[in-house]
Amino acid sequence: MKIGLISDLHTDVTPLNKALVPHLIDAVSAENLDVLVLAGDFARHLVQLSETLNAFHLADLACEKLLVPGNHDIWAIETSTVTSEQKCGIISELCHACGFHPLMDEPFIREKIGFCGTIGWYDYSFAPDGYDFSDAQYAEKELMGAVWNDKRYAKWNDTDPVVARRFEAALEMQIASIRDDVSRIVVVTHHVPFRECIRYLGELPWDFFRAFMGSKGLGAQCLREPLVTHALFGHTHQALDMQIDSVRAISAPVGYLQKEPTAGLQTYATQCLACFEV
C-alpha cells in the first residue's frame, strides 16, 4: 500500500499557500497513491477550509482520502457563540461532503492496514528543559509580548491537559476497536507525539511555545501498541522522517509561504508530499 502525507496547507495565510493547492493535487495524482492523509491546519475559516477540501474532491483522485483537523481548523471564530467542539462536528460534515474520511470520528481499514486518528492537544509535557515556568504560566500562552493564538481562538470546555487526555483516550479506544482486525496500525495526529520531533533553540520566547506542540501521551499510545508502526503528524512546520523505537514518525508540512519557492510551486508541492509504502 502506498501512502501519501501532507499537512499545514494554511490556504488562508498567504496567496501562495492557496495557489499551491492545485500543485499538491497534481503531485498526489502523479504518485498513484492508495491512501492520502491530510494531517490538519487547512484554514481557520470554514469557507476557505471547505474550498480546500472541495478542490481535492473535484480532482476525483483515485486514492482514499483521510483527515484529522489541526488547531487552526478548530479555532472558533465564525460567531461569538461557536465552540471548538462544534467546529469539529462541522468539519466532520465537510469531510463527508468532500469525500474525506474523518479519522477523528472513527478508524479506517483497508487491506488489513488500520488508520486511527485524532487532532491531539497539548498538556505542557513538551515544555523545554532549563526554565522554571509554571503550568499556570503556560496556560496563559503569552511571553515577552508574543501570544499563542489558541489563547484567542481555541474554545474548548476544559483546560489544555484535560483536553489532551480526552483526545488520547479517544485514540486508545480507536486502536482497541480495530486491534483484532488488522495486521498493523498507522496513527494520524495533528499535534506532535514525540519530544524527539520538536526543535528547541535554547532561546525565548521560541522554547516557551514548544510546550504547545503536543503531548507525551500521544507517543505513549503509539509505543504501547505493538501493531502501531507509523505515526503521522503535522503542526511543527518541519519535515521529519525518523525512527523512534518501534515507530516511524513522519511529518510533511507546507508551512507559511511568504515568498515563492526558488524551485517553483510544482516542485515545492512534490517535495512537500511525503510518500511511503507499507
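The length gained by stretching the chain between ASP60 and GLU111 to full extension, at 0.36 nm per residue less their Cα-Cα distance, is 16.2 nm.
Applying a threshold of 27 Å to the alpha-carbon distances of LYS155/LYS216; LYS18/LYS65; LYS2/LYS259 flags LYS2/LYS259 as lying beyond it. For region 186-278, the list of trypsin sites (Lys or Arg not before Pro) that fall in a loop by DSSP and count at most 11 other C-beta atoms within 10 angstrom reads LYS259. Here, region 161-278 is characterised by an Rg to Rh ratio of 1.01, where Rg is the alpha-carbon radius of gyration and Rh the Kirkwood radius. Neighbours of VAL186 by Cβ distance under 15 Å: Lys/Arg scored +1, Asp/Glu scored -1, total -1. Around the Cα centre of region 88-200, unit charges on the Cβ atoms of Lys, Arg, Asp and Glu (plus for the first two, minus for the last two) sum to a dipole of about 280 debye. When the GluC sites (Glu not before Pro) in region 154-239 are filtered for DSSP coil states and for at most 10 other beta-carbon atoms within 10 Å of their beta-carbon, the remaining sites are GLU203. Projecting label points 7 angstrom from Cα along Cα→Cβ for LEU227 and GLN271 puts them 3.8 nm apart. About its Cα centre, the dipole of region 1-109 is roughly 160 debye, where the only charges are +1 on Lys and Arg Cβ and -1 on Asp and Glu Cβ. Ranking LEU273, LEU257, LEU218 by how far each Cα lies toward the positive end of the dipole of region 188-278 (charges on Cβ) leaves LEU218 at the top.
Which residue fluctuates most in the GNM of the chain (Cα springs below 10 Å): ALA263, ALA176, ALA239? Of the options given, ALA263 has the highest mean-square fluctuation. Where a ≥ b ≥ c are the square roots of the eigenvalues of the C-alpha gyration tensor, would you call region 76-194 rounded, which needs a/c under 1.5, or, failing that, prolate if a/b is larger than b/c, or oblate? Oblate. Shown in residue order for region 149-162 are the 3J(HN,Hα) couplings computed by the Karplus curve 6.51 cos²θ - 1.76 cosθ + 1.60 at θ = phi - 60°: 5, 4, 4, 7, 10, 7, 10, 8, 9, 8, 6, 4, x, 5 Hz (x for Gly and Pro). For LEU46, the shell of other residues with beta-carbons less than 13 Å away shows a net charge of -3, using +1 for Lys and Arg and -1 for Asp and Glu. Contact order, relative form, for the chain: 25 percent (alpha carbon pairs under 8 Å, 6 or more residues apart, mean separation divided by residue count).
When a/c is below 1.5 the answer is rounded, else prolate if a/b is larger than b/c, else oblate, so apply that to the chain with a ≥ b ≥ c taken from the square roots of the Cα gyration tensor eigenvalues. Judged from the Cα gyration tensor, the chain comes out rounded (a/c under 1.5). Residues whose amide H lies under 5 Å from that of GLY117, counting only those 5 or more places away or on a different chain, are VAL188; hydrogens are built 1.01 Å from N in the peptide plane. For region 207-278 versus region 1-60, the spacing of their alpha-carbon centroids is 15 Å.
Each residue of region 216-224 is assigned a 3J(HN,Hα), and the resulting list reads 4, x, 4, x, 4, 4, 5, 6, 6 Hz, derived from the Karplus form 6.51 cos²θ - 1.76 cosθ + 1.60 (θ = phi - 60°), x at Gly and Pro. Between the residues ILE91, GLN243, ASN149, the greatest Cα displacement towards the positive end of the dipole of the chain, with unit charges on the Cβ of Lys, Arg, Asp and Glu, is found for GLN243. The residue among TYR138, PHE167, SER183 whose Cα reaches farthest toward the positive pole of the charge dipole of region 81-213, with charges on the beta-carbon of Lys, Arg, Asp and Glu, is SER183.
Counting charges near ALA252 (Lys, Arg +1; Asp, Glu -1) among other residues having Cβ under 11 Å from its Cβ returns a value of -2. Could you tell me which of rounded, prolate or oblate describes region 3-112, using a ≥ b ≥ c as the square roots of the eigenvalues of the alpha-carbon gyration tensor, with rounded for a/c under 1.5 and, failing that, prolate when a/b is larger than b/c and oblate otherwise? It comes out oblate by the Cα gyration axes. The charge dipole of the chain, taken about the Cα centre with unit charges on the Cβ atoms of Lys, Arg (+1) and Asp, Glu (-1), comes to about 120 debye, rounded to the nearest 20.
Bear in mind that the values in this text are calculations on the coordinates, not laboratory data. Keep in mind the model is a prediction, meaning the values are calculated, not measured. Glycine also receives a Cβ, built like all others from the backbone with ideal geometry; neighbour counts cover every protein chain displayed.
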